[in-house]
Structure formats: structure tokens, C-alpha cells
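Reading through the C-alpha cells given below for one structure.
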Amino acid sequence: MNYIKASLYICMLALLANCSSPNTKQESESPKSNVGMKLVPGGEFIMGTDEQESYAHERPAHHVKVKAFWIDETEVTNQQFKEFVDATGYITVAEKKPTWEELKKQVPPGTPKPHDSVLVAGSLVFDPPANPVSLDDYT
């Protein structure tokens, strides 16, 4: 689980590091304080696949260039995240009310629109079942 969390965190930071404006620092430039941080060098890689058995959203394979970015050596603490939110006004996905337009992209065609009363900000938490379950049934 920590590996998944770390991977998601690195991907998020890589994407944020590459959403630059004309006034963004050069990739070799350090942040104001890089204590406890490491520079991840930029590079190129092939993202996705051309395999027939893959999901449609994984195709096609394509070249991606990622700029160098700085990353913390450890996980972000709740206090650090609070300071970030206070400084930037960042709003998490869990705090945003979902829209039907966005939700219907994620459900099978023909799925009826849920009542507006259930379209509220929130998050999902996986609660594992008490008993073993069949892995042959995706439902």
C-alpha cells in the first residue's frame, strides 16, 4: 500500500511540476529550501501500450518528456498539507461536489442520473469484506 501511495504521489508531483507558466523556475533551479528534498532528473519514456489486450485508455504508446522536479524524501504530514492548503487555497477532489457530466464519463452508457441529493462532496473508503470473495466476479 505504501508503494501505491508513493507512486501516486510521485505521479501527481510530476504532473504538477510540468504544469508551468512562463514565469516558472528553470528545471535545474532549486526551490527556496530544498532541505529534505531530492532532485528527480527529467527524462523521456514511453507511456501506454499498443497491446491488443490492453484497455482503450492505455493506448496508444507514446513518448512523454518529463522535466526535472524536486520531491520530498518523506511523505507529506497533515500539518504540511494544511500549510499548503492555507497558502494556496487548494481544494481536494473529496471537497468538490461532483457533477453528473463528469460522473457519466465513468459509468456505463444508459446509467440513469442519480438524484441531486446524492451528488455531494465526499470520498470513498474501501472497507474489505470479512470473508474471502470470488475473484471471478467483478461485481
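The values are calculated or read from the model by the stated rules, or taken from the named source; none is laboratory data. Everything numeric here is computed off the predicted structure, so don't read it as measured data. Don't worry about glycine lacking a Cβ; one is built from the backbone with ideal geometry, like all the others, and counts go over all protein chains shown. With ligands, DNA and RNA removed, areas are computed over all heavy atoms of the protein, side chains included. Shrake-Rupley method; radii C 1.70, N 1.55, O 1.52, S 1.80 Å.
Before moving on, here are some points about what is shown:
- Strands (runs of 3 or more DSSP E) (entirely within segment 34-102) containing at least 3 residues that are open to solvent by 60 Å² or more (accessible area, probe 1.4 Å): 43-47, 62-66
- Close Cβ contacts (under 7 Å, 6 or more residues apart or on different chains) running from residues in segment 104-122 that are of a type outside the set (Asp, Glu) to residues that are assigned to a loop (DSSP other than H, G, I, E, B) and open to solvent by less than 100 Å² (accessible area, probe 1.4 Å) comprise Lys104/Thr111; Leu119/Pro98.
- Condition met for Gly36 (more than 17 Å from the chain's Cα centre (by Cα) and not hydroxyl-bearing (Ser, Thr, Tyr)): yes
- Selection of segment 104-125 for residues being surrounded by 10 or more Cβ atoms within 10 Å (Cβ to Cβ), of a type outside the set (D, E, K, R) and under 19 Å from Ala56 (Cβ atoms) yields Val107, Thr111.
- Selection count, segment 103-120, where residues are over 18 Å from the mean Cα position of the chain (by Cα) and either closer than 30 Å to Asn78 by Cβ or in a helix (DSSP H, G or I) (or both): 5
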